[in-house]
Amino acid sequence: MRDYSKQNKKAWEYSAYEFWLQNVGLPTERAKIALQNPTKNLKWHTQYFDHFENTRIANICGSCGKKAVPLALLGADVTVFDISEDNRRYALEFAEAAGTTIGYEVCDVLDIDMTKHGSSFDVVFMEGGILHYFHDLNEFMQIMRTLLKPGGKMICSDFHPFNKITDTLGMEWPTMNYFSTEIFEGEMAHARFYDQEKRARMPKCLYRKYTVSEIINAVIASGFTLQKFDEHPSWANPNLPGEFTIVAVLPQSP
């Protein structure tokens with residue numbers, strides 16, 4: 001495991017389970033919401049899936065299962081790959097409470113066992129801001145390619161690079177030169193929910209933020225065919241971009 005991944009893992013296992021309990025609710029409570037309308041839990045991401053039934057999905061950095069469990073309820077075969085044992089604990093309890101099952105592998109995404117998982121997924125899906133945890137985007141996209149079957153689809157939804165120059169999502173992160181390639185130490189995304197004393201004790205993550213062109217070019221360079229690039233408004237200010245979604249397909253074997 002890379003040194004920055006070790007630091008990020010330490011941060012993501014600092015009271016993460018307790019955070020989900022306090023801010024998302026008990027797994028049983030979350031399950032009731034998911035069961036009422038699994039599609040609603042997927043928000044705008046639903047439109048990017050061709051179907052759910054019998055679709056093998058790799059949910060990259062799937063965290064507490066907030067998208068994996070609704071996908072499973074809709075009939076998908078979902079495996080989460082995430083660095084945090086605390087996230088796994090909550091996600092599996094959530095899935096059990098919802099009466100479904102998901103796979104969950106705790107690992108550095110860059111070290112996924114490809115003898116077991118290579119070329120085995122119909123879709124790789126990620127959302128909620130994960131690209132900044134990986135310091136070599138080309139390497140990351142190659143991993144996504146390797147996970148997919150020929151003809152498979154990548155759905156990558158992430159924070160809009162506009163957030164590099166202004167905090168459109170209200171995450172309380174530092175802003176910087178849009179073209180900066182700096183790797184910087186920053187707070188966990190949910191640190192702002194804690195009091196200042198505990199916030200100061202929380203381990204930091206090492207981030208690398210990307211430009212739009214860096215993201216799109218890494219997708220293309222990895223051999224994907226880019227199908228769609230959508231921008232979504234910020235939840236804090238709908239007049240500004242907050243997130244984006246890329247849909248790209250791995251060509252069929254000749």
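Numerical summary
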{"item": "FRET efficiency estimate (nearest 0.05) - Cβ-Cβ, residue 149 to residue 220, R0 30 angstrom", "result": "0.95"}
{"item": "Relative contact order (%) - the chain, alpha-carbon pairs under 8 angstrom, separation at least six", "result": "18 percent"}
{"item": "Per-residue Cβ neighbour rank within 10 angstrom, fewest leading, 78, 109", "result": "109, 78"}
{"item": "Value of D in µm² per second that Stokes-Einstein yields for the stretch 170-254, Kirkwood Rh from Cα pairs, at 20 °C (1.002 mPa s)", "result": "136 µm²/s"}
{"item": "Cross-link reach list, lysines versus residue 164, counting only Cα pairs under 16 Å and skipping chain neighbours closer than eight places", "result": "209"}
{"item": "Cut-off 13 Å between beta-carbons: net charge of the residues surrounding residue 43, Lys and Arg +1, Asp and Glu -1", "result": "0"}
{"item": "Residue 78 long-range amide H proximity, modeled H, under 5 Å", "result": "57, 103"}
{"item": "Whole-percent pair-distance distribution, where bins are 5 Å wide, for the alpha carbons of the stretch 1-142", "result": "2, 10, 20, 23, 21, 14, 8, 2, 0"}
{"item": "Relative exposure of 32, 116, judged by other C-beta atoms within 10 Å (fewest first)", "result": "116, 32"}
{"item": "Percent of alpha-carbon pairs separated by more than 12 Å within the stretch 1-48", "result": "72 percent"}
{"item": "Descending principal axes extents, the stretch 41-81, alpha-carbon based, whole Å", "result": "23, 21, 15"}
{"item": "Selection from 211, 45, 180 lying farthest towards where the dipole of the chain points positive, charges on Cβ", "result": "45"}
{"item": "Nitroxide proxy distance, nm - points 7 Å out along Cα→Cβ at residue 195 and residue 231", "result": "4.2 nm"}
{"item": "At R0 = 22 Å, FRET efficiency that the Cβ-Cβ distance of residue 7 and residue 111 yields, to 0.05", "result": "0.90"}
{"item": "Gained length - residue 101 relative to residue 23, 0.36 nm times residue gap less alpha-carbon distance", "result": "25.8 nm"}
{"item": "Whichever lysines have a C-alpha closer than 25 Å to that of residue 32, once near sequence neighbours (fewer than 8 apart) are set aside", "result": "40, 43, 66, 67"}
{"item": "The stretch 79-176: projected area of the alpha-carbon convex hull, averaged over directions, in nm²", "result": "7.8 nm²"}
{"item": "Full-extension gain in nm, residue 135 to residue 119, via 0.36 nm per residue minus C-alpha separation", "result": "3.4 nm"}
{"item": "Dipole axis of the stretch 119-173 (+1 Lys, Arg; -1 Asp, Glu on Cβ), positive-most option in 143, 171, 129", "result": "143"}
{"item": "Order by protection proxy (mean Cβ within 10 Å, highest first), peptides 125-135, 96-106, 43-53", "result": "125-135, 96-106, 43-53"}
{"item": "The chain - charge dipole about Cα centre, Lys and Arg +1 at Cβ, Asp and Glu -1, debye rounded to 20", "result": "160 debye"}
{"item": "Cubic angstrom per residue, convex hull over Cα atoms of the chain", "result": "122 Å³"}
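Values quoted throughout were computed directly from the atomic coordinates according to the rules given, and no laboratory measurement underlies them. Just so it is clear, the structure is predicted and the values come from calculations on it, not from any experiment. Counting neighbours? That spans all protein chains shown, and the Cβs are built from the backbone with ideal geometry, glycine included.
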